[in-house]
1. Collect the residues in region 164-191 that are over 16 Å from residue 224 (Cα atoms) and in a loop (DSSP other than H, G, I, E, B), keeping them in residue-number order.
2. Looking at region 194-222, I want the residues that are touching a residue at least 60 places away in the same chain (Cβ under 8 Å) and have a partner that is among the basic types (Lys, Arg) and assigned to a loop (DSSP other than H, G, I, E, B) with Cβ atoms under 8 Å, at least 6 apart or on another chain. Which pairs are those?
3. For region 295-310, which residues satisfy the criterion of being surrounded by 15 or more Cβ atoms within 10 Å (Cβ to Cβ) and at pLDDT below 95?
4. Determine if region 271-290 includes at least one residue that is hydroxyl-bearing (Ser, Thr, Tyr) and at pLDDT 95 or above.
5. Can you pull out the strands (runs of 3 or more DSSP E) entirely within region 14-128 that have at least 3 residues that are touching a residue at least 24 places away in the same chain (Cβ under 8 Å)?
6. State all residues of region 135-158 that are buried (at least 17 other Cβ atoms within 10 Å of the Cβ) and closer than 20 Å to residue 198 by Cα; if no residue qualifies, say none.
7. Being of a type in the set (D, E, K, R), modelled with pLDDT under 95 and under 20 Å from the mean Cα position of the chain (by Cα) narrows it down to one residue among 163, 190, 133; which is it?
8. For residue 248, only one of the following conditions fails: (1) farther than 18 Å from residue 46 by Cα; (2) more than 18 Å from the chain's Cα centre (by Cα). What is its number?
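The values are calculated or read from the model by the stated rules, or taken from the named source; none is laboratory data. Here the structure is a predicted model, which means the values were calculated and not measured. Quick reminder, even Gly has a Cβ in these numbers, built from the backbone with ideal geometry, and neighbours come from all protein chains shown.
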Amino acid sequence: MPEHRGLHHISVIASDPQANYDFYVKKLGMRMVKKTVNQDDPTKYHLFYANAEGSPGSSLTFFPWPGARRGVPGTGEATDISLAVPEDSLPYWRERLANQHITYSGAHQRFGKQLLSFEDPDGLQLHLVFEDRKGDLDGWKRSEVPAEHQIQGFWSTTLTLDRVEDTEHILTAILGFEQQATDGNATLYRTKSELGHALIIEETPKAQGQNGAGIVHHVAFQTEDDDDLKTLRHEVLRLGLQPTEIIDRHFFKSVYFRTPGGVLFEMATHGPGYFVHSDPSEDQAEKLELTPWHESKREQIESALPTIEI
């Protein structure tokens, strides 16, 4: 089983696209690696934020629905997202969050790591986790956060479930995670992937979550290539689940399936990547990129989208 497997991207429902952009780019200093549309509803944006390279394991993506009500976190959902930052960046991030008027708590410890906790404008629970710097990652030169302190990618996400066995089996038998530690009702699973290498399952009898802004839509996991994706899809079928056919998302290929615990999982290939038809040195926020099958409707699509001031 490939050792690099881990989180690929996480997609979240948002409300106001401008507030979303301002928070993740201007306040947290992430790079917008793609401004495109929801391929299933091209009248709405799909916004991608990541590290400078747009590496698998770093992209946090959003479907903004202006006016969307806030969701309610609960069981059957991914209820938080942890972002990895360099271990020596704690003083910097304390000061930056305060200067950006972001209310935070911490630093506190979880599974041996220090973290600061706060929410985005839609109430999505976020953590900054401080760990060893990824030495081969360059910073985004246009970020308001210095390269040595920038968000590098995912550390983990937490799945909140009322029963864990079936989801745990998917993680360990198919997706390459191994159980590492337990803390109360939370269990940590890890892979050897450099980014997105951790996932936490919290077992709780909480009420079921309600969809809306600030709620994770799906969690995507890395696969090596088309053949690897086909193999994993077959393994999901063998469990009696109902994966989709392989879907071409232009930037990668994907298979989706819902776990018995209620969380929507995606398996996504590494390539071709976010810069397949764009210059990676350019600011990707400046132009709306459309897939080839949407390009002929550009004028119609752009007229339906609100302007995002960058």
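1. Within region 164-191, 164, 184, 185 meet the criteria.
2. Matching pairs, first to second residue: 194/134; 195/134; 212/69; 213/69; 221/5; 222/5.
3. Once the filter is applied, which keeps residues that are surrounded by 15 or more Cβ atoms within 10 Å (Cβ to Cβ) and at pLDDT below 95, region 295-310 yields nothing.
4. Let us first name the residues in region 271-290 that are hydroxyl-bearing (Ser, Thr, Tyr), namely 274, 278, 281.
Pick out the ones that are also at pLDDT 95 or above and you get none.
So far as region 271-290 goes, no, none of its residues is hydroxyl-bearing (Ser, Thr, Tyr) and at pLDDT 95 or above.
5. By residue number, 31-38, 41-50, 59-64, 77-86, 113-119.
6. Of all residues in region 135-158, those buried (at least 17 other Cβ atoms within 10 Å of the Cβ) come to 137, 139-140, 143, 145, 149-158.
Passing the criteria: 137, 150, 151, 152, 153, 154, 155, 156, 157, 158.
7. Details: 163 fails: under 20 Å from the mean Cα position of the chain (by Cα); 190 fails: modelled with pLDDT under 95.
Criteria check complete, one pass: 133.
8. All conditions are met except number (1).
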